[in-house]
Each structure stands twice: as structure tokens, then as C-alpha cells.
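Only the coordinates and a few stated rules stand behind these numbers; no lab work does. All values derive from a computational prediction rather than experimental measurement. Cβ atoms come from the backbone with ideal geometry, glycine included; neighbour counts cover every protein chain shown.
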Amino acid sequence: MPNKLAFPALAAAVVFALPAAAAHGPTNASAAFKTIGLYADRASAANTSDHLNFSGYPSTLASPPPLVVTRPTPGSADTMAIFNSFAKDATYFEVNGSQPQSFATYAVSPPQYATSLGSLLMGVNIYHGFNTFNDYGKQLASATITYVDGDTSVVRFHAYGEVRDYWDSGPTNCGGLQYIMNDRPSDPLTSYIYETGGQYFDAQESRLPKNRRGKRVASITLAGTYLPHSCGVFAGSRLSGLSVWSNFRLAKASGADSVVRQSQTTGHNHGGYLFNNEVVGWRRHTDGTGCKIASLAVAYTYSGFDCSVDSLNAFLQRSQGYMPSQVCVIQSVAADGSSVTFTPQTQDDTRLKITDTFLIERGIRSNPLATYQVDAAGHATRIARYNNSVIPVRGDVGRVYWNSIPEIADKYTHPGLRSKYVPDTPQAAAIVESLLVRDIPVQLNVGPKGGHWVVADGMTSSFRPDGTAAGTYSIKDPYDPRNYTKLIQGQYANVFTQARYLEPTGFPLPSLPFSAASDPAGLSVLADGAWRVEIIDPFGRHMMRDATTGEGIYDIPDASIEDVSSEHDNGGSLDFAPTAYDVEVPTTVDGHYTVNVYSNAGLSLSASGYDAAGVFATDIVADTTAGNVSGRYDILYSSSGQSIAIGYSGALGVEAAPVRAAVVLSARRNPSSGPVEFLIAGGTHAPDVIEIFDVGGRSVGRVDVSADGAQSVTWDWRASRCKPGVYLARLRSGAGQVVRFVILR
């Protein structure tokens, strides 16, 4: 815990230290394009001529790399690719009667996922003409793509189809004929970089086979094709650059449109439950808080189940698919019950704004009394009454039902689909991409601290003014005013905190280490107001999440802890810390679940059990302490007995949510197989010490830090006779800031 070094033994747990709020970025976030050096990356070659310099090209085509290529489109310029090369440095390939092959093989190191091959390829001596002079449509060169598993695919370049002659050089030496192939290539993926005075320079994008998306490219071999003419002249090609990148959108096997965005702005009440054919307990409107169900509706529709935001919202309302949250305590009631005064459930709670509503009920999803709407701070007026004989009293609580349970929502498709969470580990981004390449959309909880759901539907690039590109995901954002199309835009910062996807019930996706095919009973827990939460199942397995430090333990199979913000769509910022944690355990066993929670001021903890028929029981407890709150709660769960009960087991010790230190310690690479490099940033500091502990709290090392600004220091764990495993480090002056890191063999 913060300010302490009392760490439990976690021999069986999977523990990862991730960046703040466990934010994951695309695997190619730092560079969307892998540029190939014509000579530095060449592994082998035969019968080529290097460093060709055509003086006819202008100096602008000889400027130092990178070369950023745009593809003109009506009304805009579509940036296509980046090459680490330029026009006036080329390699020539020609196959002729005495030279049966001409090729060069280029290593792609490290191997790269790619859907497109970019080339700067121009033809030499390719002609329109008569008889054997007619090269129109003939193959000029080919590129063989070799993947890490030895599989290959071939890209072919044809005269006029993808390639034209780089220079209209005048009469040929065959009878004075002039039939240079200078027509623009017909391939719409070709970009025309330069075409002035009979001189040409083009770039080609070649799409690689869809069924190879999930494989990394290891090498590229470009080879010339035997293409003679009647007078002994042979056609050849000039290569000035190669590049590979991923750029694709999901598409159904039928070729139908890819993922179709749905807007959450429908104007309907969001959340609540159905009582006597009337929705009660709802919270705001889908316009402001419906991104989670909107993203699900998009994924369901893509998967073949016609679903809208409103139809899914209505299904959840009648299926008890929203979790309850206590938002206030009643302090006084007008004699006729027409108005009440209240205090918020948590003292720093902003979730009851003017015009917000809450429900007073005597029971959970039963016996509702009235709905009240906030019209001033601490005051609300009744807008609907459901029990004409009972008036609320002091001490009653106001509730809203607003956070959807994905496993209940999935019953909309029953028995079709089931939501699966991607494990929150350093491999999360790679798993997301392995799903995208199989045309499976992924729902992402986006931003550095999470709280807003969008749907990822492909991989793409975002170009920077300095001539570089960042890899990102293409997204469908259901929030109307934003409607961003890339994860790198706006507040999202190209990161996500959680991811989930859909798989057919009973048919887990192959090649994934985390798929349960059954439809067992589950447990959903909402810790509203918490900044740290931990759950321990009857087998002693842990799940823990602390978005303030990035700590996490993920030891219960298929379970997840979601960072929840109830404010982001309603004027809040994704930079705010989560306002709740949603714990989902979709594969449960009967018994006692321990929940440890920490909150700054007040807590609402609810738990629901569900099975194939829906929610079978719910319980809720609250702590209205106006200060730092901690507690250990026992959830007695029984799917066989269709019951759930929450009991209070005692306090854990009062601690406030940690505030980021002015000087911040982090590990540059995590996990690491070599010496661990620590980064110290955040301004100048006095001489200090980094102390290193194992998970049992034993000191195993230290690193002295000199007085300075941002700097790095290294700890060699082998010199300290440590073994691979999980360790913790803290800067002695860092006010309890603890960094977890993993050492691999």
C-alpha cells in the first residue's frame, strides 16, 4: 500500500507494473512505417547496379530522407507513405540473355506486421510499340515477401499497371522509334510524385494478402523480370526505396461494409430498470453516458445481430442489466414528499449535477417510492411518484442504476455471443491487434485513465509535421461532438486501459490463451468512489487495480477490473481519475469473496450475481464517512442458492489516494531481461537513493542518484544475486511512490 512496504506473497499471481492507469498503446505507436535502407538493410544481391543518379531529377527529389509521399485525392491530399531514401540514389535490376537473375534481398529487422508494401520503382526501356516492342501490361519486376514462419507472398509490378518509364529519353536505337511507356499507371494506389518535361517519379502501394496480416514480415526480395525486345534492348527497373506498414479496416467475409458507427445521442433515459412498464432509476441520457452500450451495439451489429443503442438500453432495463449505485443520503423531506434535501454519498462526488435524477426505493430493484430531480445544491424536487401511500424519510438513500453488465447485455444475442476481456498485461496491445487482423472489432476503454468506450476497427497511421508517422487504431466513436476516427486524436493520447471483444458462445477463438467456451454463473461488483480495489476469490486468487499508481494483479481467469468514469461524456475530462471500478468475474465458484477498497470520501459497493437466466440477486452497502475510507467486505455468493450478501469485515487503515510526487520514478523497459534502467524526472532534486525490494518486502538492492534534473540510472540485478521475478522500487524521497517491475530470463 502507499507509504508502506508490507507486500503480500504473490507466488501464483500475475503481476505487472504498467504506465499510469495501465495505459496500453498500439505496438507500432512509435513508428507506423518500417523503412528499408537500400544498402544498409540489404542481405544479399546479384547482378545489380547501385547508386544510380539521374541528373534530370530536380534537387527537391535529392533532399535527405525521409521522403513523405502524398497521394492526391479530390479536395485533399492523402498521405501515403514514408521512405528512407530519395530519387537520385537507385539500384538497377535487369535480367537479360547472359544474366538470368537480378535481385536484392532486404532484411526487415525487427520483423514487422504489414498489410502494405511501399516501393519507389520506375521502369527503364519499357515501350508502347508494335509486336515485340509492346510491353503494355507485361510484368517488369516482382517482390517476394517472406514471413517469420517461412511463408511467402508475391507482389508483381506491371508496365502501365503499376510502373511507367522514369524518363522519356527520346528515339530508341531500334529504327528511331519513340514509344516510351509514359502513361500514368492505372493502379489507383500509385502516387505521382514528379512528372515534368518527360521525367517521371512514382511511388506504389501494394496490398499484401489479407490472410497474412497476422504474420510478421522478415525479408523482401525484389527481382527483375526477363523482358527483351527484338533489337536486343532489355527492359529493367530502378528501385529507390522500400517501406512496409499496416493499414487496414475490418470487413466481413461477404465483402460488406466494415464496422458501422452508431451515435449514442438518442435522447433516451440511460440505465435504470423496468417497474410496472415504467423505467425507474435511470441516470441522465444516452447522449451523455451511453458510450459503453453504444460500443456494444456496434459490435453486436457487425457480428450479425441487429442492435441499436436504444434497443440494447431497453433490453438491459428489463433484464436488470444495470448495477445500482448509491449517490446521496436524504436529510429532510417536505411534509407531502414533494421535495427533499440531501448530502452526496461521497464528499468529492460531482455526479449529482443540476437536472440529474435519483430514485428512492425500499429494496433493490423493488418497491420504488419516487424519482427526484436536482434543482439546487443539496436540494431536489419530486418529478414522479410510484407509491401513493409511502413518503420518503430522513435516512433514505438515493440510487441510480447506470453501469451496464456486459455479460447481461450479451444475452441480447443469446445464444450467440459472449464478451471477453483482453488480459490487462503488457501484451494487451498485441492481443488486440491479433483480433483486428482476424476482422474482429475490439471495444476499447480509451484515454490515459480510461472512462470512455469506442470500437477499434483497424490499424492506420497518423503523420507528423517532421516527416514521421505514428501507428494508431482506426476507431468508431459513438460520442457525437467528438466523433474521432483515430485513437491518437483528442484526449485519447493513443492509449487504452481495457479492451474486450465478442466470441461465439461455445466456440472460443483459436490461438488465444484465454477463452472459456461455457456460459457459467458470474459476479459483478461496482466499487463507486474507490481509488483502489482488490478482490480475492474463494481459492485465494487475487485481482487488484490502482489507477493512481498503475499497479495491478490479474490472477482470476477471465476476470477483469474496469476503470469507470461517470463524468467524461457529460463535460468531464479523460484526465480525471476514475470515479469507480467495475469488477467482473464471469466464471465463479460459490463461496466467500473478499473485497478490499480505499476511497477518499465515501463509498458505495454493490454486487450482483447472474446466470444464464439473468441477475438472480443483488446487495449493496455504503459508507458515508466524510474523509478517507477503507474497508474489507465479505461477499457471500451462491449461484446454487441464488443469493448474494455483503458483510463488513473491518477497516484496513486510513490512507488517502497518493498524489504524484514532484519527482517521478519509472522503469524504462518493463518487463526487462537485462539491467533495469530507472528514469527520474520532474525537476531538480537533491541526492537520493532508489531502494529495491522483492514482493516480500525484503531489501535486495539500492542505487545512488545524484542531484540533478531528469536522468537515468541502472541497477544490475544479477550483480545483486537476484533471480527473475517481480520487484519493487521506490525513490527514498518519493513520498511512498512504488514502482513494480518484472525481470525475465
Around Ala645, with a cut-off of 13 angstrom between Cβ atoms, what is the net charge of the other residues, counting Lys and Arg +1 and Asp and Glu -1?
-3
Looking only at segment 591-608, which residues have a backbone nitrogen under 16 Å from a spot 7 Å from the Cα of Ser638 in the C-beta direction?
591-593
Hand me the tally of lysine pairs in segment 33-245: alpha carbons under 29 angstrom apart, and the pair either on different chains or 8 or more positions apart.
5
29 Å Cα-Cα reach of Lys353 towards lysines, excluding residues that sit fewer than 8 places from it in its own chain:
Lys292, Lys449, Lys476
Which order results if Ile354, Ile553 are arranged by neighbouring Cβ count within 10 Å, fewest first?
Ile354, Ile553
Pop a pseudo-label 7 angstrom from the Cα along the beta-carbon direction at both Ala251 and Asp590 and give the gap in nm to one decimal.
5.2
Gain in span if fully extended, Ala613 to Ala314, counting 0.36 nm per residue against the direct Cα distance
105.9 nm
Hey, with R₀ at 22 Å, roughly what FRET efficiency would Ala46 and Arg216 work out to, going by the Cβ-Cβ distance, to 0.05?
0.30
Could you give the nm distance between label points at Ser699 and Phe305, where each point is 7 Å from its Cα heading toward the beta carbon?
5.7
Segment 412-473 to segment 108-161: how many Å between their Cα centroids?
32
Sorted by Cβ neighbour density within 10 Å, fewest at the top, the residues Arg365, Arg632, Arg156:
Arg156, Arg632, Arg365
Say a paramagnetic label sat at a point 7 Å from the Cα of Tyr226, along Cα to Cβ; which residues of segment 27-51 have their backbone N under 18 Å from it?
46-48
Take Thr152, project a point 7 Å from its Cα along the Cβ direction, then tell me which residues of segment 91-132 have their backbone nitrogen under 14 Å from it.
102-106
Given labels modelled 7 Å from the Cα in the Cβ direction, how far is it in nm from Lys138 to Lys723?
6.8
Quick note on Tyr484, Tyr479, ordering by fewest other C-beta atoms within 10 Å, gives Tyr484, Tyr479
